[in-house]
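Values in this text are rule-based calculations from the coordinates and carry no lab data. Nothing here was measured: the structure is a model prediction, and the numbers come from that model. Quick reminder, even Gly has a Cβ in these numbers, built from the backbone with ideal geometry, and neighbours come from all protein chains shown.
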Amino acid sequence: MVVVMASEADEADVQAVVTLVETAGGEAFVSRGVNRTIVGLVGDVEQFGALNLRGMRGVNDVVRISVPYKLVSRENHPHRSVVRVGGVPIGPDTMTLIAGPCAVESPEQTLQAAQMAQAAGATLLRGGAFKPRTSPYAFQGLGEKGLRILAEVREETGMPIVTEVVDANDVDLVASHADMLQVGTRNMQNFALLQAVGGAGRPVMLKRGFNATIEEWLMAAEYIAQRGNMDIVLCERGIRTFETATRNTLDISAVPVAQRLSHLPVIVDPSHSGGQRELVLPLTRAAIAIGADGVIIDVHPHPEAALCDGPQALVDGDLRELARTVRDLPPVVGRALTQA
Ligand code: PEP
Ligand code: MN
């Protein structure tokens, strides 16, 4: 059950709802959006029905939500949300290009990759400082030093930073440098991490678990929303199937399905799904054509020497076509490339 506060409701009105629900033995999670505040109720729905919440001051509506995710559901939030990352919008009218190296390796490599990304039309810079690697022997990232490099490159280029956090204990550190926190596919159901990023005061990009259903993905987003953070962007990055010709199978239909079920923006990672440079541009075209709100793409100045995911990184020669694609294709589906 969700209590929708009126736009003119004040803090005391919200608190009165919370107190009443808690007195009745329930839990109330407050989510403050740009236009209105909603309160998600957990507990005995029949008992809440007897509280006459609808009659309280500042309450606009009380809605029973039929899906297990409530705050991120579109049932009570018909308009699709726009999430702003350092001022850059990700949402229904635009197509936002996020690009950069898979991993931050050095100041030079990160700056070069950022400049390549920017020249192709990217307005947000990606780059991993904490890398969740399948092999414990693989490069694990530069950690805090990598975050400082990203912050320097942001100074230089003006691009807000998207970077992954893999441990709940690092959330404050990463949030002190980053403009958006990324939760990777391997951590989609790391509930302690989800709750920590929910309280970090930064937008979150939540990648779909490679073995997760869309419903599980949305419930993971609900963990973040429950902590009061509604600035969540969902990212489809491929799922594990029987197919071995690609690294993962890009579940392209997840984009319109998630957009129908949730008001949150949905973007696509064509680099990590295909795992091969040759697939990145075709999958990018598919993502834009189906209505993704953005794409996140790996680029590297010298992929042959990359410490992580070199085979899928776009190089200089690919970027002209990427630039053309992200400029020309979005208008065909009623969008415009997000400008800096
Ligand atoms: C990444 O984007 O750097 C990454 C590790 O992606 P994923 O979690 O989708 O594998
Ligand atoms: Mn990678």
Which of Met188, Ala103, Ser81 sits farthest toward the positive end of the charge dipole of the chain, with +1 on the Cβ of Lys and Arg and -1 on the Cβ of Asp and Glu? Ser81
Can you tell me the length gained on complete extension of the stretch Val34 to Val315, counting 0.36 nm per residue apart and subtracting the Cα distance? 97.3 nm
If packing is taken as the average count of other Cβ atoms within 10 Å, what order do 113-121, 262-270 fall into, highest mean first? 262-270, 113-121
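Give me the extension gain from Ser66 to Glu304: residue separation times 0.36 nm, minus the current Cα-Cα distance, reported in nm with one decimal.
Gain in length upon complete extension: 80.7 nm.
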Charge dipole of segment 186-340 built from unit charges on the beta carbon (Lys, Arg +1; Asp, Glu -1), centred at mean Cα; most positive-end Cα among Pro331, Leu314, His302 is Pro331
What residues from segment 182-219 fall in the zone where the backbone N is under 14 Å from a label point 7 Å along the Cα-to-C-beta line of Thr134? 185-186, 210-211
P(r) for segment 134-253: what percent of alpha-carbon pairs falls in each 10 Å bin, starting at zero? 13, 40, 34, 12, 0
Tally the DSSP beta bridges in the chain and give the antiparallel ones as a percent, rounded to 5. 40 percent
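Rank-order 301-312, 202-213, 130-141 by packing density, defined as the average count of other C-beta atoms within 10 Å over each peptide's residues, highest first. Provide the component values of the computation, followed by the final result.
On the way: 301-312: 17.0, 202-213: 21.5, 130-141: 14.2.
Highest mean packing first, the order is 202-213, 301-312, 130-141.
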Provide, for q = 0.10 Å⁻¹, the log10 of I(q)/I(0) from a solvent-free Debye sum over equal Cα point scatterers in segment 83-337. -0.41
Farthest towards the positive end of the dipole of the chain, among Thr246, Leu20, Tyr137 and with Cβ unit charges of +1 on Lys and Arg and -1 on Asp and Glu, lies the Cα of Thr246
The simple spin-label model distance between Arg80 and Lys145, using points 7 Å out along Cα→Cβ, in nm, is 4.2 nm
What share of the DSSP beta bridges in segment 55-179 is antiparallel, in percent to the nearest 5? 40 percent
Cα-based Rg and Dmax for segment 226-340, in Å, come out at 14.8, 44
When the scattering of segment 99-167 is computed by the Debye formula from its Cα atoms alone, each counted once and equally, what is log10 I(q)/I(0) at q = 0.11, 0.14, 0.28 Å⁻¹? -0.23, -0.36, -1.23
In whole µm²/s, the translational diffusion coefficient that Stokes-Einstein assigns to segment 2-63, given a Kirkwood hydrodynamic radius over C-alpha pairs, 25 °C and 0.890 mPa s, equals 217 µm²/s
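Using unit Cβ charges (K, R positive; D, E negative) and no other charged atoms, how large, in debye to the nearest 20, is the dipole of the chain about its Cα centre? Could the numbers behind the result be given before it?
Details: 30 positive and 39 negative charges, 104 e Å.
Approximately 500 debye in magnitude.
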Fewest-first ranking of Phe191, Phe242, using other Cβ atoms within 10 Å as the exposure measure: Phe242, Phe191
Could you work out the relative contact order of segment 83-337? I mean the mean sequence separation of Cα pairs under 8 Å and 6+ apart, divided by the number of residues, in percent. 21 percent
If you place +1 on the Cβ of every Lys and Arg, -1 on the Cβ of every Asp and Glu, and leave all else neutral, what size is the dipole of segment 2-63 about its Cα centre, to the nearest 20 Debye? 140 debye
Run the numbers for Glu243 and Leu173: contour at 0.36 nm per residue of separation, minus the present Cα-Cα distance, in nm. 21.4 nm
